[in-house]
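The values are calculated or read from the model by the stated rules, or taken from the named source; none is laboratory data. All values reported here derive from a predicted model rather than from experimental measurement. Virtual Cβ from ideal backbone geometry, glycine too; neighbours counted across all protein chains shown. Calculation scope for accessible area: heavy atoms of the full protein, side chains included, ligands and nucleic acids excluded. Shrake-Rupley method; radii C 1.70, N 1.55, O 1.52, S 1.80 Å.
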Amino acid sequence: MGGIFLSLLAITSLLPLYTIGGTTRSYEFNIELQNVTRLCHTKSMVTVNGKFPGPRIVAREGDRLLIKVTNHVSSNITIHWHGIRQLRSGWADGPAYITQCPIQTGQSYVYNYTVIGQRGTLFWHAHISWLRASVYGPLIILPKLNVPYPFTKPYKEVPIIFGEWFNTDPEAIISQATQTGGGPNVSDAYTFNGLPGPLYNCSAKDTFKLKVKTGKTYLLRLINAALNDELFFSIANHTLTVVEADAIYVKPFKTETLILAPGQTTNVLLKTKSKFPGANFLMSARPYVTGQGTFDNSTVAGILEYESPVPMKNLPLFTPTLPSLNDTSFVSKFSNRLRSLANSKFPANVPQKIDKHLFFTVGLGTAPCAQNRTCQGPNGARFAASINNVSFVQPSVALLQSHFFNKSKGVYSPYFPINPVHWFNYTGTPPNNTFVSNGTKLMVLPFNTSVELVMQDTSILGAESHPLHLHGFNFFVVGQGFGNYDPKKDPKNFNLVDPIERNTVGVPSGGWVAIRFLADNPGVWFMHCHLEVHTGWGLKMAWLVLDGELPNQKLLPPPADLPKC
């Protein structure tokens, strides 16, 4: 673990001096195959610079990043800078066939963007098929030079990135599931910084260890990069103080357990014990599960070790108690505790007057199997997923280019439905017809439209939590509840003063969530469930935000090296 601290210090000391208006930082990402062994299984996997997880990116608010990605593998690749606003730089956002064609074998692309008005913990990951199972890493944005954190200055900062390990190739898993129409096989382990830890077979040597001194404050930068699982996290016998979520400072609160959906990040302060405790402590994470399907019911553990004044052996090891697998009540209470700072330095600019009210149903359904075949989904059909009953069909050219060059005809329709075509009791008895419709439809918004979007879970194939991620924007979570959303009663309880601002929110299992955002970023912006299996089934859509009238409200033209399809 000491190596990680040293490397962060080394990176920070190598950073160019900060100048007014930020500095430019360059990174090189080589997409290459690397043999990696976990749980006594060795496999060749796609990595960045041969590392699993990939390298850490460190910048300051206001900096420009130039990240050259060169593809040395047979798969197409793109990289998404998850949570970066990408103001007018949609070409650098990264989702395949949305803002760019993928980088093909032997090709390079430079992601060029400036971090504007953001600071905190984010991450980067591949954004095509299931490659983000191994292609991901931390993206740390420090405050501007000489600007302090709005909480105790930590003694050290440690990124802990949650992931999943598959003994076989995740690309083969999703390819097989696509052919059969059934659910894909689940992972074989969860990981902290790529290490599964001592609770798995043949894994004791691959354990993440956090070595700490007594009486110090550590900032843990927690990132859930898992493919398909929301995860509870706790450290035995220690209380954590939550200070940030999705790179937005929050009103600090203490908790023993956290929940992070895939795509979410949370910064916590860990205050170590004042005296050597004569024990070690497990840090553990295991899934929060609401769906009907199979899941990886296992626990990843790391070890919190105190530096001892004298060498000690056979210390007792304490284990944390995590909530039960389906503890929706804990998840709901935890989410409700998250509040923006909403002060003069860090205001919560919640849109108060709404131009466009939208209502989206999200959930699973089915699609017919090919003729004369039986699929492994419900009733011999294929699994599918949709928003407002539209299951998104991925185009074969990038949507942003089609829009920019006025070549959208035959690529997408600009008429995404503003509410469900068929009303039913969304969280009650499911309808007999579970089929979804298909299409590549975009929701078009004029520049500076203020949007209120209510997302309603449906119980068509069983209620389930869906972590929805919006590219290009942060949004305010102004309300959430269980059952069907009531447009007459529920808005009266919305928090328009200090709601949490984030980029990924869980639509509660059997419930709804209301978000507000200002469409002030021109371009095409993906919105999708961050459970990769649901994205593959079509639980995704895109927004097209038109240019404004002023020069600084228009999308910049594409870079010369933008990949071609």
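Of Val158, Val186, which residue is in a loop (DSSP other than H, G, I, E, B) and under 20 Å from the mean Cα position of the chain (by Cα)? Spell out the reasoning first.
Values: Val158 fails: in a loop (DSSP other than H, G, I, E, B).
Answer to the selection: Val186.
Residues checked against (1) in contact with a Phe, Trp or Tyr (Cβ under 9 Å, 6 or more places away or on another chain); (2) touching a residue at least 24 places away in the same chain (Cβ under 8 Å); (3) closer than 30 Å to Ala342 by Cβ:
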site: Ser234; (1), (2), (3): no, yes, yes
site: Ala245; (1), (2), (3): no, yes, yes
site: Pro262; (1), (2), (3): yes, yes, yes
site: Lys271; (1), (2), (3): yes, yes, yes
site: Met283; (1), (2), (3): yes, yes, no
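Any residue at all in segment 492-502 that is part of a helix (DSSP H, G or I), closer than 21 Å to Val350 by Cα, open to solvent by 20 Å² or more (accessible area, probe 1.4 Å) and touching a strand residue (DSSP E or B) at 6+ places or on another chain (Cβ under 7 Å)? So that I can check it myself, show each step before the final result.
Let us first name the residues in segment 492-502 that are part of a helix (DSSP H, G or I), namely 492-493.
Within this subset, residues satisfying the condition of being closer than 21 Å to Val350 by Cα are 492-493.
Filter once more, so that each one left must be open to solvent by 20 Å² or more (accessible area, probe 1.4 Å): 492-493.
Checking which are touching a strand residue (DSSP E or B) at 6+ places or on another chain (Cβ under 7 Å) leaves us with 493.
Yes, the conditions are met somewhere in segment 492-502.
How many residues, within segment 329-362, are within 26 Å of Thr178 (Cα to Cα) and in contact with a Phe, Trp or Tyr (Cβ under 8 Å, 6 or more places away or on another chain)? Walk me through how you get there before you give the answer.
Of the residues in segment 329-362, the ones within 26 Å of Thr178 (Cα to Cα) are 360-362.
Those still in the list that are in contact with a Phe, Trp or Tyr (Cβ under 8 Å, 6 or more places away or on another chain) too: 361.
Residues meeting the conditions: 1.
Within segment 38-78, which strands (runs of 3 or more DSSP E) (wholly inside it) include 1 or more residues that are farther than 21 Å from Leu227 by Cβ?
Values: elements: 41-48, 57-60, 64-71.
Counting at least 1 such residues, we get 57-60, 64-71.
Arg286 fails exactly one of the following numbered conditions: (1) under 29 Å from Glu464 (Cβ atoms); (2) basic (Lys, Arg); (3) at pLDDT below 95. What is the number of that condition?
Status for Arg286: all satisfied but (3).
Of the residues in segment 119-130, how many are open to solvent by 10 Å² or more (accessible area, probe 1.4 Å) and either farther than 18 Å from Leu539 by Cβ or charged (D, E, K, R) (or both)? So that I can check it myself, show each step before the final result.
Initially, segment 119-130 is screened for residues open to solvent by 10 Å² or more (accessible area, probe 1.4 Å), giving 119, 127-129.
With either farther than 18 Å from Leu539 by Cβ or charged (D, E, K, R) (or both) added as a condition, the list becomes 119.
Adding up the residues that qualify gives 1.
Need the failing condition index for Lys144 against (1) within 24 Å of Ser75 (Cα to Cα); (2) among the basic types (Lys, Arg); (3) outside any helix (DSSP H, G or I), just the number.
Answer for Lys144: the failing condition is (1).
Report, by residue number, each residue of segment 529-552 that is open to solvent by 40 Å² or more (accessible area, probe 1.4 Å) and of a type in the set (S, T, N, Q). Outline the logic, then answer.
Restricting attention to segment 529-552, the residues satisfying the condition of being open to solvent by 40 Å² or more (accessible area, probe 1.4 Å) are 536-537, 546-547, 549-552.
Answer for segment 529-552, where residues must be open to solvent by 40 Å² or more (accessible area, probe 1.4 Å) and of a type in the set (S, T, N, Q): just Asn552.
Is segment 276-288 home to any residue that is under 29 Å from Asn474 (Cα atoms), in a strand (DSSP E or B) and among the basic types (Lys, Arg)?
Yes, the conditions are met somewhere in segment 276-288.
Please find, within segment 255-273, the residue that is surrounded by the fewest Cβ atoms within 10 Å (Cβ to Cβ) out of those that are over 12 Å from Phe334 (Cβ atoms) and among the charged types (D, E, K, R).
Residues of segment 255-273 that are over 12 Å from Phe334 (Cβ atoms), as a first pass: 262-263, 265, 267-273.
Narrowing further to those that are among the charged types (D, E, K, R): 271, 273.
Details: Lys271: 17, Lys273: 15.
It comes out as Lys273.
Output the number of the condition that Cys202 fails; it satisfies all remaining conditions of (1) touching a residue at least 60 places away in the same chain (Cβ under 8 Å); (2) in contact with a Pro (Cβ under 9 Å, 6 or more places away or on another chain).
It fails just one condition, (2).
Of all residues being over 21 Å from the mean Cα position of the chain (by Cα) and open to solvent by 10 Å² or more (accessible area, probe 1.4 Å) in segment 89-111, which is nearest to Gly536 (Cα to Cα)? Just the residue, please.
Once the filter is applied, the top-ranked residue is Gln104.
Tell me, yes or no, whether segment 133-141 has at least one residue that is of a type in the set (A, V, I, L, M), open to solvent by less than 20 Å² (accessible area, probe 1.4 Å), within 26 Å of Phe404 (Cα to Cα) and in a loop (DSSP other than H, G, I, E, B).
Our first condition is that a residue be of a type in the set (A, V, I, L, M); within segment 133-141, this holds for 133, 135, 139-141.
Narrowing further to those that are open to solvent by less than 20 Å² (accessible area, probe 1.4 Å): 133, 135, 139-141.
Now drop any that are not within 26 Å of Phe404 (Cα to Cα), which leaves none.
No, the conditions are met nowhere in segment 133-141.
Among Thr78, Thr42, Thr70, which is the only one that is over 25 Å from Pro196 (Cα atoms), open to solvent by 10 Å² or more (accessible area, probe 1.4 Å) and β-branched (Val, Ile, Thr)?
Every option except Thr70 fails the conditions.
How many residues does segment 356-402 hold that are open to solvent by 30 Å² or more (accessible area, probe 1.4 Å) and either out of contact with any Gly (no Cβ under 8 Å at 6 or more places or on another chain) or of a type in the set (Gly, Ala, Ser) (or both)?
The total comes to 14.
Which residue pairs have Cβ atoms closer than 9 Å, lie 6 or more positions apart in sequence or on different chains, and pair a first residue in segment 547-565 that is polar (S, T, N, Q) with a second residue that is in a loop (DSSP other than H, G, I, E, B)?
If the second residue must be in a loop (DSSP other than H, G, I, E, B), the pairs left are Asn552/Arg88; Gln553/Arg88; Gln553/Phe447; Gln553/Asn448; Gln553/Asp520; Gln553/Pro522; Gln553/Asp547.
Just to check your reading of the model, which residue among Phe233, Phe318, Phe330, Phe334 is under 29 Å from Val186 (Cα atoms), among the aromatic types (Phe, Trp, Tyr), open to solvent by 20 Å² or more (accessible area, probe 1.4 Å) and within 22 Å of the chain's Cα centre (by Cα)? Steps first, please.
On the way: Phe233 fails: open to solvent by 20 Å² or more (accessible area, probe 1.4 Å); Phe318 fails: within 22 Å of the chain's Cα centre (by Cα); Phe334 fails: open to solvent by 20 Å² or more (accessible area, probe 1.4 Å).
Only one candidate passes the filter, namely Phe330.
Is it true that Pro420 is open to solvent by less than 30 Å² (accessible area, probe 1.4 Å) and part of a loop (DSSP other than H, G, I, E, B)? Steps first, answer last, please.
Details: open to solvent by less than 30 Å² (accessible area, probe 1.4 Å): yes; part of a loop (DSSP other than H, G, I, E, B): yes.
Taking the combined requirement at face value, the residue satisfies it.
Looking only at segment 146-172, which residues are open to solvent by 10 Å² or more (accessible area, probe 1.4 Å) and farther than 30 Å from Gln118 by Cα?
The answer is Asn167, Thr168, Asp169, Pro170, Glu171, Ala172.
Do you know which residues across segment 453-486 are open to solvent by 10 Å² or more (accessible area, probe 1.4 Å), outside any loop (DSSP other than H, G, I, E, B) and of a type outside the set (Gly, Ala, Ser)?
Those that are open to solvent by 10 Å² or more (accessible area, probe 1.4 Å), outside any loop (DSSP other than H, G, I, E, B) and of a type outside the set (Gly, Ala, Ser): Phe476, Val477, Gln480, Phe482.
Between residues in segment 441-457 that are under 14 Å from Gln553 (Cα atoms) and touching a residue at least 40 places away in the same chain (Cβ under 8 Å) and residues that are open to solvent by less than 10 Å² (accessible area, probe 1.4 Å) and aromatic (Phe, Trp, Tyr), which pairs lie under 9 Å by C-beta distance while being six or more apart or on different chains?
Leu445/Trp543
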